[in-house]
1. If you average the sequence gap of Cα pairs under 8 Å that are 6 or more apart and divide by the length of the range 53-252, what percent do you get for the contact order?
2. Report the charge-dipole magnitude of the range 56-169 in Debye, nearest 20, computed about the Cα centre from +1 at each Lys and Arg Cβ and -1 at each Asp and Glu Cβ.
3. If each Cα of the range 53-252 is one equal point scatterer, what is log10 of I(q)/I(0) from the Debye formula at q = 0.14, 0.17, 0.18, 0.19 Å⁻¹?
4. Using every alpha carbon pair in the range 137-205, what percent of pairs falls into each 10 Å bin from 0 up to the bin containing the largest distance?
5. Is the C-alpha gyration tensor of the range 77-130 telling us rounded, prolate or oblate? Criteria: a/c under 1.5 is rounded; beyond that, a/b larger than b/c is prolate, otherwise oblate.
6. Highest first, please rank the peptides 190-199, 216-225 by the mean number of other Cβ atoms sitting within 10 Å of their residues.
7. So how much slack lies between Ala164 and Lys206, counting 0.36 nm per residue of separation and subtracting their Cα-Cα distance, in nm?
8. In what sequence, highest mean first, do 99-109, 166-176 appear when ranked by Cβ atoms within 10 angstrom?
Amino acid sequence: MDTQRRNQYLEAIGVDVWVRRRGGALADVRLLAATVDVQAAPADSPAAAVPIARAPVEPVSGEVPAQWEALRTEVMSCTKCSLNTTRTQGVLGVGPQRTDWMVIGEAPGAEEDRKGEPFVGRGGQLLDAMLRAIGLSRATNVYIANVLKSRPPGNRDPKPDEVAACLPYLIRQIALLQPRVMLAVGRIAAQNLLSTDVPLGRLRGKVHRFGELNTPLIVTYHPAYLLRTPADKRKAWEDLKFARSVFRQLTDGVPIDGDRS
Ligand code: URA
């Protein structure tokens, strides 16, 4: 990753990260990425953002692309809830058809509804920067989807009947993707995936499990919340590092620490 881009991600995340220069003093990577030896950066630094997932994980079997296509067609023509009368289009998701990482948000907003892709507004730019900081990108190794595939008018919270109608699509996406780690961003995604009303703050910092495959699921803040509350970006960065460490434990074949300590 080139220096200028890395600095932009760090800028967007708004986290000051300090790394040790070869033989010397601590330095802010945002200012000094050009001179820092990335290999020497500590494990919790975005400067250590070497890719942590491969893409694709394994060859996609013949049927999988067809199943994705069928799913996309169904979502585009879905009339299971009334949101189809107000949306521009259904928004299925974006990313490789098989990959290790999956990010799940709430529902398309105005820009997503227009463009047909999740997280393309300001929140999406922040999400991309957060993911980049741990070596992930929607173009190569993370799939991004939402609980709802249609935009609720005025970006109101999804209604229970809308979630109930749409969740089967997400379940099918997860089954096709078979991610090794899932990241739920925001309360709506976290609570619906975990079938709980526990507040988001209490869901963070733990490895939850999702579905029959017991896929590890980590919870963090929604990017839109972080844009409103930049002071919590540091906590989101802790969550991302936690997710990255869970993934590394998985790939190393060691037991997963269920709690961030
Ligand atoms: N917020 C979400 O949760 N998802 C999007 O796709 C856009 C904004």
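Where a number appears in this text, it was derived from the coordinates with a stated rule and is not lab data. Being a predicted model, the structure only gives us computed values, none of them experimental. Every residue, glycine as well, gets a Cβ built from its backbone with ideal geometry; the counts of neighbours run over all protein chains shown.
1. On the way: 344 pairs, mean separation 44.3, N = 200.
Computed over the range 53-252, the figure is 22 percent.
2. Rounded to the nearest 20 debye, it is 300 debye.
3. Results for the range 53-252 at q = 0.14, 0.17, 0.18, 0.19 Å⁻¹ read -0.76, -1.17, -1.33, -1.50.
4. 17, 49, 32, 2
5. It comes out oblate by the Cα gyration axes.
6. By packing density, highest mean first, the sequence is 216-225, 190-199.
7. Length difference between fully extended and current span is 12.6 nm.
8. The peptides rank, most packed first, as 99-109, 166-176.
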